[in-house]
Structures are given as C-alpha cells and as structure tokens.
Number of protein chains: 2
Amino acid sequence: MSERTKVVVIGGGFGGLSAAQHLHSNLVDLTVIDRRNYHLFQPLLYQVATGSLSPGEIASPLRSVLSRQKNTRVWLGTVVDVDPDLKQVILADGTIVAYDSLIIAAGSETSYFGHNDWQQWAPGLKSIEEATTIRHKILYAFEVAERIPDLEQRRAWLTFVIVGAGPTGVELSGAIAEIARQTLKNDFRSINPKEAQIILMDGAPRVLRPFPEYLSEKANRSLTNLGVQVRCGVMVKHMNEEGLTIESDKGADSIAAKTVIWAGGITASPLGRILASRTNAETDKAGRVKVKPDLTIPNYPDIYVIGDLASATDEKGRPLPGLAQVAMQGGQYAATAILQKVKGQQELPPFHYFDKGTLAVIGRAAAVADVFGAHLSGFIAWLVWFFIHLMYLVTFQSRVLVFIQWAIQDLTFSRGARLITGTATTDFNFTKELADAHAAREIKPEPLNVPR
Amino acid sequence: MSERTKVVVIGGGFGGLSAAQHLHSNLVDLTVIDRRNYHLFQPLLYQVATGSLSPGEIASPLRSVLSRQKNTRVWLGTVVDVDPDLKQVILADGTIVAYDSLIIAAGSETSYFGHNDWQQWAPGLKSIEEATTIRHKILYAFEVAERIPDLEQRRAWLTFVIVGAGPTGVELSGAIAEIARQTLKNDFRSINPKEAQIILMDGAPRVLRPFPEYLSEKANRSLTNLGVQVRCGVMVKHMNEEGLTIESDKGADSIAAKTVIWAGGITASPLGRILASRTNAETDKAGRVKVKPDLTIPNYPDIYVIGDLASATDEKGRPLPGLAQVAMQGGQYAATAILQKVKGQQELPPFHYFDKGTLAVIGRAAAVADVFGAHLSGFIAWLVWFFIHLMYLVTFQSRVLVFIQWAIQDLTFSRGARLITGTATTDFNFTKELADAHAAREIKPEPLNVPR
C-alpha cells in the first residue's frame with residue numbers, strides 16, 4: 001500500500017505539464033488526466049493551420065514526455081466534476097480518482113461571445129482538429145476559386161477574414177498572405193493567388209493590444225507590407241455562409257468571404273464554473289476561477305487552479321495574462337508548494353509571475369518582441385522568437401531535425417503539409433456555385449498561355 | 001485559341017502523376033483531375049498508421065509537384081462518368097471536360113469481399129484518413145487497457161489482428177509489434193505493452209505470397225522473432241465489435257480483439273465498371289478494365305487505362321501485379337504514346353513491364369527483397385528498401401531532412417506522431433466496459449511501484 005501523497009493534475013497543457021514535471025518525487029503518487037493523449041505546443045498551431053507544420057511536429061504524447069517519472073501515471077479521460085469535500089475527481093466514464101492535493105489546469109476554449117452559431121463558419125484555433133479544419137478551408141478556397149468562372153464568386157472564395165488581431169490573428173493573417181503571395185505563386189492557371197484579399201479585423205483600436213503601442217505600429221506596418229488589410233475598431237455583427245457584416249464608427253459594411261477564421265477570444269474551460277459551484281469560489285466574466293495569492297481557492301488549500309483557468313493578479317492587483325509563461329510558472333509554483341507541505345517545510349511566499357516578455361511573429365523572418373523590457377522588431381525579433389521556440393520544442397520532442405527543416409521551410413516559403421484531409425474532401429461538389437454563376441454545363445478551361 | 005491536343009489524366013497516384021510528368025510538352029494542353037489535392041506515397045502509409053510519420057511527410061500537393069509544367073492545370077474534382085463518343089469527362093459537380101486523349105488512372109480501393117459491414121470494425125489502409133483512424137485505434141487501445149481493471153477485457157484491448165499477409169499486413173504487424181515492445185516500453189503503469197498479442201492472418205498458405213517461398217519463410221521467421229503470431233490458411237467468417245471468428249482446417253476459432261485492421265484485398269475504382277459500360281470493354285472479377293497490349297481499350301485508341309485500374313498482361317499472358325512500378329511505367333508509356341501520335345511519329349511497340357523487383361519491410365531495419373532476381377533479406381534488404389524510398393520521396397518532396405529524421409527515428413524506435421486525433425477522442429467514454437467489468441464506481445489506481 002502506498003502512503004504517498006496522492007496528487008492529481010487535470011490537464012496536460014503548459015500549466016499541467018509544468019506542474020507534473022516539478023512533481024517528480026518519490027514522496028508523491030501523481031496522476032495526470034487529460035482528454036488528449038498529447039501535450040500541444042499551441043503557439044505554433046497557426047503553422048499547422050497554414051500548412052507549414054504537421055500536427056505531429058508540435059505535439060508530444062504526454063505519456064512519453066512523462067515516461068521516465070516512475071511516480072507518475074497518465075490517464076486519458078474527461079473530468080466532469082470535482083468533489084472538494086470527499087477529495088475526488090470524477091471522470092465522464094464514471095471513474096473516481098481520489099486526491100490529497102489537486103491542481104486544475106483545464107485551460108480555455110474559443111469564445112464567440114454569445115454567437116456560438118458563428119462557429120460553423122468561423123472555426124477557432126485551439127485544437128489540432130481546428131487547425132486542420134482551417135488548413136482545409138484555406139486550401140480548398142483556392143481550389144474552388146481556380147474552377148469558378150464567375151468573377152464575383154471567385155472573389156468571395158479568395159477573401160480571407162481573420163477576426164481578432166491578437167498574436168494568433170496577426171500570425172495567421174501574415175501566414176495566409178505569404179501562402180497567397182509566395183507559396184502558391186506558380187501553382188494555379190485560372191487565378192492569381194496574389195489577388196487574394198486578407199483582412200485582419202479587431203474591435204480594439206490597434207493590433208496586438210497587449211504590446212506597447214510602438215510595437216503595434218511596427219506590426220501593423222509589416223502586415224500591410226505583406227498585403228494584409230488591417231481594420232481596427234470594427235465589430236462583427238452577423239455572419240453566414242456568404243460572409244459577414246461589420247460595424248465601425250464609419251457605419252455598417254458587408255464583406256463577401258468564404259473563409260472566416262475566429263481568433264476573437266477565449267473563455268475558461270467549463271470546469272471552472274463547476275468547481276466554483278462546488279466550492280463557492282468566484283469566477284470572473286470569462287469563467288475563470290478567482291484564486292488567492294498562493295493560487296489555491298478560498299477554504300480549499302489543497303486545490304490549486306493555474307493557467308488560463310485561473311483569474312490571478314500580480315502584487316499590484318493587475319490581472320495576469322493568459323500566456324504559456326504564466327501557466328508554466330503557476331504549475332511550478334503549485335508543485336513546489338505541494339512538495340513543501342508534504343515535506344513539512346514552511347509555506348512558500350505568494351506566487352510571483354516573472355514576465356520574460358511577449359512575442360508575435362508576422363510572416364517570414366519578421367516579428368515583434370517585448371522581451372525583458374526591450375522592444376525588438378524585424379529579423380532580430382524573429383531570431384529571438386525562433387530560439388525560444390526551438391529550445392522549448394527540443395526539450396519536449398528531441399526532434400531537432402524537424403525544427404531545422406521547419407526553419408528552412410519558413411525561410412524558403414515552401415510548405416510541406418498542404419493537405420486537404422477529412423471527410424469533406426471526398427464530397428467535393430460545387431454544383432450550387434456553378435449554378436449560381438449561370439455557368440454553362442460545359443466549363444471550358446481557358447487555354448493555357450504557353451509559348452509554342 | 002489553343003489548338004493543342006487536349007489530354008486529361010484522371011488520378012494523381014503513381015500512374016497518373018507519372019503520365020502527367022511525361023506529358024510536359026507545349027504540344028499538349030494537360031488537365032489532371034483528382035479527388036485529393038495531393039499525391040500520396042502509399043507504400044509508407046503504414047508508417048502514418050503506426051505513428052512514425054505525419055501525413056504531410058508522405059504526401060505532396062499535386063499542384064506544387066506539377067507547378068513548373070506550364071502546360072498543365074490541376075483540378076480538384078471527382079470524375080463520375082466518361083462519354084467516350086463525345087470525348088468528355090463528367091465531374092460530380094456537373095463540370096464537363098473535353099479531351100482528345102484520356103488516361104484513366106483511378107486506382108483501387110479496399111475490398112471486403114462482400115462483407116462491407118466489416119469496414120466499421122476493421123478499417124483498410126488506402127487513405128490518410130484511414131491511416132489516422134488506424135493510428136487512433138491502436139493508441140487508444142493501449143490507453144483503454146491501461147484503465148480497464150478486468151483482465152479479460154484488458155486482453156481484448158491488447159489484441160491486434162491484421163487480416164491479410166501481403167506487404168501491407170506484414171509491414172503493419174511488424175510495426176505494431178515494435179510499438180508494443182519498444183516504443184511504449186516505459187510509458188504505462190498498469191499494463192505491460194509487451195503483453196500485447198499481434199496476430200497476422202491470411203487465407204493463403206504463407207505470408208507474402210507474391211514473393212519467392214524462400215523469402216516468405218525469412219519474413220515469417222522475422223515476424224515471429226518480433227512477437228507476431230502468424231496464422232496462415234485461415235479465413236475470417238464473422239466480425240463484430242468484440243472480435244472475429246475464423247475458420248481453418250483445424251476448425252473454427254474466435255478471437256476477442258478490439259483492434260482489427262483489414263489488409264485483406266483491393267478492388268478497382270468504380271470508374272472501371274462505368275467505363276466498361278460505356279465502351280463495352282471487359283472487366284475482370286476485381287473490376288479492373290481489360291486493356292490491349294498498348295494499354296488502350298478495344299475500339300477506343302484514345303483511352304488509356306493504367307495502374308491498379310487496368311487488367312494488363314505481359315508478353316507471356318501473365319497478369320501484371322498492382323504495384324507502383326507497373327503504374328508508373330504504364331503512365332510513362334501512355335504519355336509517350338500520346339506524344340508520338342501528336343507528333344505524327346510511328347506507334348510504340350506494346351507496353352513492356354520491366355520488373356525491378358519487390359520489397360517488404362519487417363519492422364526495424366529488416367526487410368525481404370526480390371530485386372533484379374536477387375533474393376535479399378535482413379539489413380541489406382532494408383538498406384535497398386530505404387534507398388529506393390529515399391530517392392522517390394526526395395524527388396517529389398525535396399524534403400531530405402524529414403527523411404533523415406525518419407530514418408533516425410526508425411532506427412531508434414521513437415515515434416514522433418503518436419497522436420490520437422479526430423472527433424472520437426473528445427467523447428472518451430468507456431462506461432460500458434467498466435460496467436461490463438463489474439467495476440466498483442471507484443477505480444483505485446494500483447499503487448505505483450517506486451522505491452521510496
């Protein structure tokens with residue numbers, strides 16, 4: 001019989017995995033539970049969505065990342081409830097797992113701010129499935145445009161709207177612009193992929209709002225140079241299969257666009273509200289659980305909430321941002337606090353987030369960075385970004401070669417993973433568009449312009 | 001207006017792509033039509049199914065492979081009919097494409113020999129979607145086994161049956177054996193992945209039937225050494241969610257297995273029978289279209305059928321096998337024949353298949369090969385296999401680094417793409433299994449065996 005302290009970690013993202021790795025101790029019997037069998041390197045998900053990387057290149061099986069920790073088991077499962085008094089975690093399949101200490105790092109999901117019906121037209125970018133859906137949409141749009149004779153219809157297929165100009169939106173729009181202008185340059189015969197319109201919009205007055213204004217401007221200029229139309233101060237009002245209606249202080253406008261991507265916002269995992277209802281903890285309006293300075297919830301010193309699910313503040317009362325760094329440092333803090341308790345050592349001082357900086361990439365070999373207070377942009381910022389991500393991926397994957405390949409690809413515009421996969425591809429059919437376009441039954445390809 | 005000869009190629013597999021590449025001529029206006037936007041290197045599909053490679057690493061967008069051929073357009077579309085008298089190809093969306101010469105290389109699909117209901121339990125391995133489904137099934141089985149307390153149930157989840165001992169079945173079973181014995185060695189706490197049973201079965205009296213008997217025996221021995229149970233002369237009688245019933249000269253037997261993979265057989269694309277009905281061409285029992293020695297069909301000298309869709313014979317009347325080599329050489333032949341006609345030059349002699357040999361891989365760094373009449377096995381055969389595939393992939397992808405990485409991975413047992421993706425993962429639930437196992441509501445994890 002084990003008398004070790006039973007610790008359960010819910011979630012294998014940045015926060016949960018960091019906690020698990022810092023709980024590598026034979027004083028602890030650790031169970032890590034996740035719905036997925038892998039840890040996902042979310043900051044590079046946009047590269048999967050735009051065909052630069054394959055899913056396997058940014059994800060590692062949790063099981064193998066943690067295989068050397070003999071005190072750790074990894075369980076594939078969905079946590080549906082927590083009983084804080086019996087100290088049990090309940091899974092969807094009915095399994096109950098008991099804990100002495102619990103770390104909840106269930107993360108966040110895409111929020112459509114009350115417009116969940118928009119999801120069908122504008123996928124978010126939080127999971128591998130969503131990334132391959134977006135990849136499908138982008139590549140498919142060019143394929144359809146190549147075959148649609150009607151110019152107006154073609155234009156709608158070649159219009160790409162990204163809603164939300166945070167780092168994800170900025171990175172996505174930069175990458176799509178490069179696909180259109182570089183990657184697909186020579187690939188089509190009826191359309192010129194360069195004619196694609198890429199529109200990045202946000203309700204905020206500037207892109208990359210969490211960054212200093214100076215870097216926002218830099219980013220805006222880089223995006224414009226790449227051919228991205230940046231529209232700030234714009235709200236989405238309606239959305240359907242044909243496009244979207246927007247509103248700004250200049251009035252309402254509608255955009256015909258067959259590809260819309262939602263990088264607009266996130267909300268906490270539903271587990272936050274469930275936990276709050278069981279513990280009387282408070283949640284903020286994004287559903288995040290308000291935690292004490294030691295990352296536990298009031299009255300339950302054995303329950304830690306970290307990462308995107310936690311509403312934590314720094315010493316000055318400012319809310320901590322939803323960044324991988326915050327989650328990882330929170331995970332380390334919770335793990336250390338638990339080990340201190342187990343060893344009977346003194347309690348830790350309150351959690352302190354050490355801000356190493358923020359980065360966003362804009363297309364090939366360009367980025368903006370706010371690192372240790374230094375404001376960088378252009379190639380230097382890209383190099384910083386590159387090496388930080390390199391170090392991280394190598395730590396988890398030991399797949400240096402993949403990363404080198406990716407860097408080369410990134411610099412040469414080639415994209416190796418431009419696959420349209422999934423069930424929809426087998427039902428390729430645009431009879432409707434053809435009919436709408438009053439097309440004759442026979443579509444004669446335009447003769448190719450080849451010297452004889 | 002173009003007066004060039006209009007050539008249409010249906011299918012971007014080995015045959016169609018080879019034909020397209022040999023039609024790089026400004027005398028020809030070429031349209032390549034495929035349901036997918038990529039050329040798939042099928043011989044390595046089993047590596048995707050077993051988590052060694054990502055889909056993007058064995059597939060290249062047809063569009064980019066052919067982008068430098070300015071006389072060529074690539075259309076994403078499904079061909080549903082051919083009108084050989086009006087000389088038109090009809091797509092599912094109603095588009096009609098006219099041709100002067102047509103090359104049909106629509107390939108083959110998995111055949112369950114009249115038992116199509118088996119597909120739900122035993123996916124085949126012809127597409128990327130099927131490969132990721134199989135990957136899902138294999139990895140998920142280990143995850144469930146880790147959590148199921150009932151030993152009999154656990155055993156069913158750890159039993160993997162591969163039906164069909166051709167190259168695909170042999171390669172798959174070898175790879176699964178390695179996953180169980182090497183890749184996952186340290187990853188689980190409740191189960192020992194080595195206890196997995198891998199059963200390879202075939203109705204034929206020996207594995208790799210198209211190979212010389214001597215190499216079949218070698219392969220059999222290698223598989224047995226890897227821990228694969230090889231059962232020949234065995235027919236599948238029934239299949240359901242719980243496993244399958246088999247029959248051999250020793251009588252009937254049933255095997256409880258949650259993972260069954262169908263590598264049992266293929267049948268020609270339905271386009272074969274459609275073409276036959278329009279042209280009065282004959283088909284064989286696998287639905288392949290019987291072609292003349294010049295690969296055209298009787299009475300239609302402008303319609304070529306190549307690859308898996310064609311039933312062709314060599315000079316001695318022996319049927320040509322369904323191999324990439326046969327398809328590629330057929331594609332080159334048809335392309336050359338068309339160009340000769342366009343130039344008004346003399347007709348080609350009948351198609352002659354030049355047999356370079358056959359290869360099959362059995363696990364890590366071992367293979368059997370029958371190359372240029374030489375019978376090789378073990379590491380030498382693996383090296384031959386490796387370099388042939390290297391050359392091919394490099395030609396199409398220029399992604400040397402990926403290949404090096406893969407080779408290293410292949411030699412070190414690590415598998416980088418072990419992701420359980422797809423909708424099923426979000427609904428992880430085995431309440432039924434737990435109930436069946438009369439499990440208590442609380443599943444207490446067995447204490448981990450860690451030195452204190």
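Remark: the Cα gyration tensor places the stretch A:39-138 in the oblate category, a/c being 1.5 or greater and a/b not exceeding b/c. Between residue B:392 and residue B:346, what FRET efficiency comes out of the Förster formula 1/(1 + (r/R0)^6) with R0 = 30 Å and r the beta carbon distance, rounded to 0.05? It comes to 0.40.
Listed by chain and number, the lysines whose alpha-carbon sits under 19 Å from that of residue B:237, ignoring those within fewer than 8 places in the same chain, are B:250, B:258.
Take each residue of peptide B:30-40, count the partner chain Cβ atoms within 10 Å of its Cβ, and average: the result is 3.
Run the accessible area of the stretch B:317-373 with a 1.4 Å probe and give the carbon-and-sulfur part as a rounded percent. Roughly 54 percent, rounded to a whole number.
Figure note: B:255, A:274 ranked by solvent-accessible area, largest first, 1.4 Å probe, ligands and nucleic acids not counted: A:274, B:255.
Cα-Cα over 23 Å: which of B:87/B:316; A:290/A:316; A:6/A:341; A:126/A:316; A:87/A:285; A:87/A:292? Flagged as over cut-off: B:87/B:316; A:126/A:316; A:87/A:285. Other residues with beta-carbon under 11 Å from the beta-carbon of residue B:109 carry, at +1 per Lys or Arg and -1 per Asp or Glu, a net charge of -1. For the stretch A:233-272, the relative contact order is 28 percent, taking Cα pairs closer than 8 Å that sit 6 or more residues apart in sequence and dividing their mean separation by the residue count.
Within 10 Å of each Cβ in peptide B:278-288, how many partner chain Cβ atoms are there on average? Round it to a whole number, please. That average works out to 0. Shielding of peptide B:177-189 by partners, expressed as the average count of other chain Cβ atoms within 10 Å per residue Cβ, is 3. Among A:178-185, B:240-247, the peptide with the highest mean count of other Cβ atoms within 10 Å heads the list, and the full ranking is A:178-185, B:240-247. Taking amide H atoms as placed 1.01 Å from N in the peptide plane, the amide H of residue A:29 lies under 5 Å from those of A:5, A:6, A:7, each 5 or more residues away in sequence or on another chain. If you add up the charges near residue B:262, with Lys and Arg at +1 and Asp and Glu at -1, over every other residue whose beta carbon is less than 13 angstrom from its beta carbon, what do you get? It works out to a net charge of -2.
Once you reduce the stretch B:184-251 and the stretch B:1-42 to the center of their Cα atoms, the two points are 40 Å from each other. Measuring max minus min along each principal axis, the C-alpha atoms of the stretch A:250-352 give extents of 64, 28, 26 Å (largest first). Projected label points at residue A:284 and residue B:282, each 7 Å from Cα along the beta carbon direction, are separated by 7.7 nanometres. Quick one: grab the alpha carbon gyration tensor of the protein assembly as shown, order the square roots of its eigenvalues as a ≥ b ≥ c, and give me rounded if a/c is under 1.5, else prolate or oblate depending on whether a/b is larger than b/c. Oblate is the answer for the protein assembly as shown, as a/c is 1.5 or above yet b/c matches or exceeds a/b. Other residues with beta-carbon under 15 Å from the beta-carbon of residue A:220 carry, at +1 per Lys or Arg and -1 per Asp or Glu, a net charge of +1. Placing dummy labels 7 Å off each Cα toward the beta-carbon, the span from residue A:248 to residue A:98 is 6.1 nm. About its Cα centre, chain A has a charge dipole of approximately 880 debye under the convention of +1 per Lys or Arg Cβ and -1 per Asp or Glu Cβ, with nothing else charged.
Judged by the gyration tensor of its Cα atoms, with axes a ≥ b ≥ c, chain B is prolate; a/c meets the 1.5 cut and a/b is the larger of a/b and b/c. The stretch A:54-79 and the stretch A:313-371 have Cα centres lying 22 Å from one another.
The values are calculated or read from the model by the stated rules, or taken from the named source; none is laboratory data. On a predicted model such as this, the values are computed, not experimentally measured, just so you know. Cβ: placed from backbone, ideal geometry, glycine included. Neighbour counts: every protein chain shown. Quick note on the areas: whole protein, heavy atoms, side chains included, nothing else; ligands and nucleic acids left out. Shrake-Rupley method; radii C 1.70, N 1.55, O 1.52, S 1.80 Å.
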